[in-house]
Amino acid sequence: MNAHDEGVMTLTSTSTKFRALGAAVVATLGLVLVSGCGGTEAAAVPDGWGTLDTKSVSVGYPEAAGYAPQPAAERSEANAAVALKQEEGLRTGMVSVQLDFATGVSDAGEAAAAAGAGIGLGATRTDTRDVRLAGEESASEARRIDYEFTSSGEESTPAKGTRMTGVVVAGVDSKGVPFAIRINAVKGELSPAELDSFVGSITVK
């Protein structure tokens, strides 16, 4: 695993119920994810999910699947909020939020470029696309980067050499503060619909 995240890690196999929920979220939030209009409405967070709430953005996490917020005293100073799933001492799932992580950033493209630079050596980008988030219309434009990388096995993360899938969504909030939200999983453990569910739960302020 690379040092671009405090804890890039895997999500273990999710339940059939969670997979079905992911598909449902995509169906209801498709306009927000791809081409819909942002507004002042908050994103719909599925039943059984909690929310990481920061001054710039909020994002959901599957509380019913075992995720819980990481205490501020334990998380990296680079992260404004983190939700982890821990099993047998390993971090098997994570969603994280970084704020004000770069200077000279004024739009989603620049925020994504800065966030992408932190992905790390050896990572392979598989897709880059513009997305529209729920929340403040003036800040609804964001950019999503999908990528793959190899775990280093450090800091209670998956075994060294494990192939990982990552998603980072970057943008700038209504006050000009850049943000980056990351979701990481073992390659193949999360479907595209499940990854979209995380993205669809984001609200920008």
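Filter the range 175-187 for residues that are among the basic types (Lys, Arg) and assigned to a loop (DSSP other than H, G, I, E, B); which is most open to solvent (accessible area, probe 1.4 Å)?
The first filter runs over the range 175-187 and keeps only residues among the basic types (Lys, Arg), leaving 175, 182, 187.
If we keep only those that are assigned to a loop (DSSP other than H, G, I, E, B) as well, we get 175, 187.
Numbers: 175: 180, 187: 107 Å².
The extreme case among them is 175.
Could you pull out the residue among 23, 65, 81, 43 that is more than 14 Å from the chain's Cα centre (by Cα) and modelled with pLDDT of 95 or more? Don't jump to the end; show me each part of the working.
Details: 23 fails: modelled with pLDDT of 95 or more; 65 fails: modelled with pLDDT of 95 or more; 81 fails: more than 14 Å from the chain's Cα centre (by Cα).
It is 43.
Could you please find all residues in the range 158-174 being part of a strand (DSSP E or B), farther than 17 Å from residue 95 by Cβ and either of a type in the set (Phe, Trp, Tyr) or open to solvent by less than 40 Å² (accessible area, probe 1.4 Å) (or both)? Give the derivation first.
Residues of the range 158-174 part of a strand (DSSP E or B): 163-172.
So of that shortlist, the ones also farther than 17 Å from residue 95 by Cβ come out as 163, 172.
Correct list: 172 only.
Of all residues being of a type in the set (Asp, Glu) and assigned to a loop (DSSP other than H, G, I, E, B) in the range 59-99, which is farthest from residue 119 (Cα to Cα)? Just the residue, please.
First pass over the range 59-99, keeping only residues of a type in the set (Asp, Glu): 63, 74, 77, 87-88.
With assigned to a loop (DSSP other than H, G, I, E, B) added as a condition, the list becomes 74, 77, 88.
On the way: 74: 22, 77: 17, 88: 27 Å.
The extreme case among them is 88.
Is there any pair with a first residue in the range 135-157 that is more than 18 Å from residue 182 (Cα to Cα) and in a loop (DSSP other than H, G, I, E, B) and a second that is among the polar types (S, T, N, Q) and open to solvent by 40 Å² or more (accessible area, probe 1.4 Å) whose Cβ atoms are under 7 Å apart and which are 6 or more apart or on different chains, and what are they?
136/40; 136/174
Residues 102, 112: which one is within 30 Å of residue 40 (Cα to Cα), in contact with a strand residue (DSSP E or B) (Cβ under 6 Å, 6 or more places away or on another chain) and not in a loop (DSSP other than H, G, I, E, B)?
Numbers: 102 fails: not in a loop (DSSP other than H, G, I, E, B).
Just a single option satisfies the conditions, and that option is 112.
For the range 41-54, which residues satisfy the criterion of being over 17 Å from residue 140 (Cβ atoms), assigned to a loop (DSSP other than H, G, I, E, B) and open to solvent by 70 Å² or more (accessible area, probe 1.4 Å)?
Correct list: 47 only.
Only one residue in 76, 58 is under 24 Å from residue 196 (Cβ atoms) and touching a residue at least 40 places away in the same chain (Cβ under 8 Å). Which one?
On the way: 76 fails: under 24 Å from residue 196 (Cβ atoms).
Matching residue, one of 76, 58: 58.
Go through 190, 195, 121 for me and flag whichever is in contact (Cβ under 8 Å) with a residue 40 or more places away in the chain, under 15 Å from the mean Cα position of the chain (by Cα) and surrounded by fewer than 21 Cβ atoms within 10 Å (Cβ to Cβ). Lay out the reasoning, then the answer.
Working: 190 fails: surrounded by fewer than 21 Cβ atoms within 10 Å (Cβ to Cβ); 121 fails: under 15 Å from the mean Cα position of the chain (by Cα).
Testing whether each residue is in contact (Cβ under 8 Å) with a residue 40 or more places away in the chain, under 15 Å from the mean Cα position of the chain (by Cα) and surrounded by fewer than 21 Cβ atoms within 10 Å (Cβ to Cβ) leaves just 195.
The values are calculated or read from the model by the stated rules, or taken from the named source; none is laboratory data. Owing to the predicted nature of the structure, the values given are computational and were not obtained by experimental measurement. All Cβ positions, even for glycine, are placed from backbone atoms using ideal geometry, and neighbour counts span all protein chains on display. The area values use the complete protein model at the heavy-atom level, side chains included, leaving out ligands, DNA and RNA. Shrake-Rupley method; radii C 1.70, N 1.55, O 1.52, S 1.80 Å.
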